Amino acid sequence: MTPIDPSAGFDEVRRSIAQRFAQAGIEDAAAEARRLVLTVFGLTATELLALGRRPLGEERARRLDVALARRLAGMPIGRIVSEGEFAGLKLALSPETLEPRDDTETLLRVVLGAIDAAGRRAAPLRILDLGLGTGAILIALLAALPNARGFGVDRAFGAVVTTRVNAARHGLEERAFLWCGDWAEAIDGRFDIIVSNPPYIASAAIDELDPEVREHDPRLALDGGPDGLDAYRRLFPEIRRLLAPEGIAAFEIGFDQAETAARLATLAGAPEPSLHRDLGGRPRVLSFAR
């Protein structure tokens, strides 16, 4: 691979990377090149625009060479810099966590919409996040609900540690109570908000996923069992036990799982589910209200 020219300006380098991405078959090559430069150097869009023709320099060129080689080898940008973003919040990633996806913001909108409709944004709510990952959902909810307390569990100890790091990064560690455990097995009490983005990919389908997902996201966070629904069989029966009166529970689902997941919820004795679609119009979240 031809090294990046340290004397080239930021704009020239960005365009050159976009060309390399296009030749490698990377989708949205121009946007991906811009994101790589922004992320590697921690720049805002305004700062990148201001740098324009300013030469990159030796040290920046070396850093970008390494990042470029990894991206061309199929590593997602978030994994290259060990950082993702969710609902405008920067979050550390680790090998035990998924990289947060925009689709999951549907769950956030559903929950906050219900809380606002009930006029409870400032209430001392109790939030339970089952399957923390990076803590993206829990941290975004705590950031939006100033008097809430969050409780979170994950089967992977590394994910719990990552969530703790992210909570501290955003000044929320004193309102976040985290532990390692098996779903709701060790949990008691009632919660005003219950959220989960569990693994929901059928085991046999994982090998067919995009390599950027298959090779870089942890299998534990992807594998939902033979039909992708194992986690819901564990979680849905807990809703009536854990959800407080006037509470809301929301679960992300696969785009083709709405009917089957809703049937499982009904058989488990959960409240009548509501289906919510993501911005692409695909079924994405089942919610339950008491």
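Does residue 240 satisfy the criteria of being touching a Phe, Trp or Tyr at 6+ places or on another chain (Cβ under 8 Å), within 21 Å of residue 194 (Cα to Cα) and open to solvent by 60 Å² or more (accessible area, probe 1.4 Å)? Steps first, answer last, please.
Details: touching a Phe, Trp or Tyr at 6+ places or on another chain (Cβ under 8 Å): no; within 21 Å of residue 194 (Cα to Cα): yes; open to solvent by 60 Å² or more (accessible area, probe 1.4 Å): yes.
It is false that residue 240 is touching a Phe, Trp or Tyr at 6+ places or on another chain (Cβ under 8 Å), within 21 Å of residue 194 (Cα to Cα) and open to solvent by 60 Å² or more (accessible area, probe 1.4 Å).
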Fill in: Counted residues, region 211-237 - those being within 30 Å of residue 74 (Cβ to Cβ) and either open to solvent by less than 20 Å² (accessible area, probe 1.4 Å) or of a type outside the set (D, E, K, R) (or both)
14
Practice prompt. Could you please let me know if residue 185 is in a loop (DSSP other than H, G, I, E, B), open to solvent by 20 Å² or more (accessible area, probe 1.4 Å) and free of Cβ contacts under 8 Å to residues at least 24 places away in the same chain?
Written response: yes
Worksheet, complete the sentence: Residues in region 168-182 that are open to solvent by less than 40 Å² (accessible area, probe 1.4 Å), within 13 Å of residue 131 (Cα to Cα) and outside any strand (DSSP E or B) total 1
Worksheet item: So residue 133 fits all but one of (1) assigned to a loop (DSSP other than H, G, I, E, B); (2) in contact (Cβ under 8 Å) with a residue 12 or more places away in the chain; (3) open to solvent by 70 Å² or more (accessible area, probe 1.4 Å); what number is the exception?
Response: (3)
Item to complete: Would you mind stating whether residue 91 is surrounded by 15 or more Cβ atoms within 10 Å (Cβ to Cβ), in contact with a strand residue (DSSP E or B) (Cβ under 7 Å, 6 or more places away or on another chain) and outside any helix (DSSP H, G or I)?
Response: yes
Worksheet item: Where in region 1-53 are the helices (runs of 4 or more DSSP H), entirely inside, with at least 3 residues that are touching a residue at least 40 places away in the same chain (Cβ under 8 Å), under 26 Å from the mean Cα position of the chain (by Cα) and surrounded by 12 or more Cβ atoms within 10 Å (Cβ to Cβ)?
Response: 29-41
Worksheet item: Across region 98-122, which residue is farthest from residue 161 (Cα to Cα) among those that are open to solvent by 40 Å² or more (accessible area, probe 1.4 Å) and among the acidic types (Asp, Glu)?
Response: 116
Item to complete: Looking for whichever is open to solvent by 20 Å² or more (accessible area, probe 1.4 Å), at pLDDT 95 or above, farther than 18 Å from residue 282 by Cβ and among the β-branched types (Val, Ile, Thr) here; the options are 165, 195, 160. Which one fits?
Response: 165
Worksheet, complete the sentence: The helices (runs of 4 or more DSSP H) lying wholly within region 200-290 that contain at least 3 residues that are out of contact with any Asp or Glu (no Cβ under 6 Å at 6 or more places or on another chain), modelled with pLDDT of 95 or more and closer than 28 Å to residue 186 by Cβ are 230-235, 239-242, 258-267
Worksheet entry | Residue count, region 136-153 (criterion: in contact with a Phe, Trp or Tyr (Cβ under 9 Å, 6 or more places away or on another chain) and touching a residue at least 40 places away in the same chain (Cβ under 8 Å)) | 6
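The values are calculated or read from the model by the stated rules, or taken from the named source; none is laboratory data. Everything numeric in this text was worked out from a predicted model, so none of it was measured. No Cβ is skipped: glycine too gets one built from the backbone with ideal geometry, and neighbour counts run over all protein chains shown. Remember, those area values only see protein heavy atoms, side chains included, never the ligands or the DNA or RNA. Shrake-Rupley method; radii C 1.70, N 1.55, O 1.52, S 1.80 Å.
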